[in-house]
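Below is one structure; the comments refer to it alone.
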Amino acid sequence: MGKHHDDLDIIKFIVNFEDGSSREVPVADVDEVIVSIPEGTTYQMSIVFKVSNRTLKGLKYKQVVKKGGIPLKTRELYIGDEFAPSEEYHTKQFEKDTTPSGFLYRGKFPSTSTYFAGDEELFTSDWTLEVTKKA
């Protein structure tokens, strides 16, 4: 991941699973971000972030997951109307989702996250979604 914007720091992703367990995935100051989720699992993902320097209005997030260079899934999330600079961390949850199941869907999928303030693209970062065999 490693990329950030002077006005927006993504701290971590949190993956909450249907069984009540959760996994934190550090994003800030790491070279590579891998989110591992077992196949056929219902989960809810959250983004933890901090705003610095200037107020960000109309904060949005777009996620694209690909296989073989072809987009498989695109999700967009409206994060909020306005966030002022602060040392406070903010958390925004996605809607629940379920990973596909079957050996064809297991593996690593290159993914991108793009962050917007209104029409301004702040930055795009690469990460990997890994769908693993269910234990």
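Values quoted throughout were computed directly from the atomic coordinates according to the rules given, and no laboratory measurement underlies them. Every value quoted in this text rests on a predicted model; they were computed, and no experiment measured them. Note that each Cβ is placed from the backbone with ideal geometry, even for glycine, and that neighbours are counted across all protein chains shown.
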Report task. Collect residues whose amide H, placed 1.01 Å from N in the peptide plane, falls under 5 Å from the amide H of Gly80; neighbours closer than 5 in sequence don't count. Result -> Leu59
Query raised in the report: Here are several values of semi-axes √(5λ) of the Cα gyration tensor in Å: (i) 23, 18, 14; (ii) 27, 16, 13; (iii) 43, 16, 12. Which one was derived from the coordinates shown?
Result: (ii)
Report summary line: One finds the C-alpha centres of the range 54-79 and the range 33-49 to be spaced, in Å, by 14 Å
Query raised in the report: Around Lys62, with a cut-off of 10 angstrom between Cβ atoms, what is the net charge of the other residues, counting Lys and Arg +1 and Asp and Glu -1?
Result: 0
Requested in this report: Go through Ile47, Tyr115, Ser21 and say which Cα lies farthest out towards the positive end of the charge dipole of the chain; charges sit on Cβ, +1 for Lys and Arg, -1 for Asp and Glu.
Outcome: Ser21
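Compute, for the range 8-132, the length of the dipole vector about the Cα centre, with Cβ point charges of +1 (Lys, Arg) and -1 (Asp, Glu) only. Units Debye, rounded to 20. If you can, show how the numbers build up before the last one.
Numbers: 15 positive and 20 negative charges, 81 e Å.
So the dipole magnitude of the range 8-132 works out to roughly 400 debye.
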Query raised in the report: How about Lys66: which lysines have a C-alpha closer than 24 Å to its C-alpha, ignoring those fewer than 8 places off in the same chain?
Result: Lys3, Lys12, Lys92, Lys96, Lys108, Lys133, Lys134
Query raised in the report: Taking amide H positions as placed 1.01 Å from N in the peptide plane, with prolines and chain starts having none, which residues 5 or more places from Val27, or on another chain, fall under 5 Å of its amide H?
Result: Lys12, Phe13
Query - Calculated from backbone phi, Karplus (6.51, -1.76, 1.60) coupling profile of the range 33-42 in Hz, x at Gly/Pro - result: 10, 10, 9, 9, 9, x, 4, x, 9, 8
